[in-house]
Amino acid sequence: MEVSGKIIQKLPLQQGESKASGKPWALQAYVLETQEQFPRKVHFEVFGEQRIKDNPCEIDDLVTVSFDIESREFNGRWYTSIRAWKIQQGIADPAAQPVAAPVAQGAPAPAPAAQPMPQMAANVETFDPAAGESTDDLPF
């Protein structure tokens, strides 16, 4: 899955050592804000020293994040994590970027084609006051 937006927060790097294997680990977390009409904030993590080095990003960077979502249960509660495996600089979502067609130099810009307005179907029910009932089949 992918999400695009601007990095608005870089959380402190977390490091430790695995209890099971004794190997060191590192986790870098970020908060991304989407660039939509109603922006959403997404907290995601990059796990592993090499992956953190391969995918650097800073606050105000516009990025596209490829990630996996995983949920797990602990003591009857569910926790969900978004683990990024690739962070690409720039927004790769074509819907988020305006695309302009090239215009030949000196040529006037083409006018947008006029499109007919769609006609709305009238949902009209008839009512016969003499009979006291309508002709639709709704139960109310």
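All of the numbers you see were taken from the coordinates with simple rules; none came from a lab. Treat the numbers as computed from the prediction; the structure is a model and nothing was measured. Here Cβ is always computed from backbone atoms with ideal geometry, including for glycine, and neighbour counts include all displayed protein chains.
Report Rg (one decimal) and Dmax (nearest whole number) for the stretch 2-94, counting Cα atoms only, units Å.
14.3, 46
What residues have an amide H closer than 5 Å to that of Asp61, excluding those fewer than 5 places away on the same chain, when H is modeled at 1.01 Å from N in the peptide plane?
Residues meeting the criterion, in which the H sits 1.01 Å from N, are Ile7.
Which of Glu45, Glu33 has the fewest other C-beta atoms within 10 Å, and how do the rest follow up to the most? Could the numbers behind the result be given before it?
Working: Glu45 17, Glu33 14.
Least to most surrounded, the residues fall as Glu33, Glu45.
So which lysines can Lys6 reach, going by Cα to Cα under 21 Å and dropping same-chain residues fewer than 8 places off?
Excluding near neighbours in sequence, the set is Lys41, Lys53, Lys86.
Which order do Asp68, Asp61 fall in if you start with the one that has the fewest other Cβ atoms within 10 Å? Each step should come with its number before you reach the end.
Details: Asp68 10, Asp61 17.
The fewest-first ordering by Cβ neighbours comes to Asp68, Asp61.
Taking the beta-carbon count within 10 Å as an exposure proxy, list Arg83, Arg72, Arg51 from fewest neighbours to most.
Numbers: Arg83 15, Arg72 9, Arg51 18.
Ordered from fewest to most neighbouring Cβ atoms within 10 Å, Arg83, Arg72, Arg51 come out as Arg72, Arg83, Arg51.
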